[in-house]
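Structure, as structure tokens:
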Amino acid sequence: METILRPLLVIGGSVLLTLLIGWATDLVMRKADERHGETPLWGLLRRARVPWQVVLCVALLRGSYDESQLLVEHRVAVGRVLTLVLIGAAAWLAIRIAAAVVETSYSRYARVHHDAARVRRVRTQVTLIMRVVSAVVGVVAVAAMLLTFPAFRAAGASLLASAGILGIVAGVAAQSTLSNMFAGLQIAFGDMVRIGDTVVVDEEWGTVEEITLTFLTVRTWDERRITMPVSYFTAKAFENWSRGGAQMTGTVYLHVDHSAPLDAMREKLRDIVRECPAWDGRDHGLVVTDSTPSTMEVRALVTAKDADDLWTVRVTVREQLIRWLTERHPYALPRVNAADAVLPPGFPVPDRVPTARRTLPRGQQPTARSERP
């Protein structure tokens, strides 16, 4: 009877105590979250209740396993498994706590500072720092797991002696990976490109959606994702439309006839941008930028707060100006002039040369076509 009750008491007590401590901890964090609503720290820490309970349960089982006298012949193996699970759960808990602290710091910074560019820069740095922390914690956890095996501890001296050669070989083999990692850190702390920036790469413009230590994802206007190595942004030139501010100036080019009413077009442009919600109200204008023998080129200048609104303003101006010209001033649209040239006053008009008749052989009757002059 004791062989059954003892394992049940040990295992059941560990699980029950874990649930009780986990419930109490969650209750305390919930009360703290309700009391301190200005910070999301306690709400984010509640996400770590699962790894916290796993750490508690495994730690209690590891400490009281010898008292259960269960699987005595496999005591070493079971103890090692519990140790490995404890190390993994502790690493999971550490990553969750670090993520909560980092996210809270970012939220507080974003709430205090209203500069969108600085907030995006901090967000990029925080994201990469969190990835570095996760990688370091993962490596330390794996190393701690390996050190629990005596064979790895015995081989540690020989591995340490050959660490220099292995490091050189690994560095040569992972040269591209290491360059991308250093490029990712350079992007994060060099403020070259940030999450949320509007960029143009390989003649494609979009918004930076994700930055990691090795690659960067750009979401294009048609919902495509372009994944590129971060070393591209440190080795090649690219356009960053959000650097120095998101405000942009755009142009709309139209080809119209030389008789187009420019003053009326300027007034119509003013009315169009005033009714367009995407226009930021900074500037607008219309000038003639070029001319050809048949048309002249007109440029309408508009402004907007970012690239998306600028695109909306440009297409709105182009569409409504063309529609207005078609309905009110159709003569101003470009056309092919097939009429005779208008001669200047006093220029002598040449006499029309009569069309010669064909001479037909004797006896052949002229046809209706040959009778025409």
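Take 276-285, 203-212 and order them by the average number of nearby Cβ atoms within 10 Å per residue, most first; the result is 203-212, 276-285. Which lysines have a Cα less than 25 Å from the Cα of Lys268, not counting those fewer than 8 places away in the same chain? Result set, ordered by chain and number: Lys305. Using the empirical formula 2.2 N^0.38 Å as the baseline, the Cα radius of gyration of segment 248-332 reaches a ratio of 1.05.
Here, each number is a calculation from the coordinates, and none is a lab measurement. Here the structure is a predicted model, which is why all the values come from computation and not from measurement. Please note: Cβ atoms are built from the backbone with ideal geometry, for glycine as well, and neighbour counts cover all protein chains shown.
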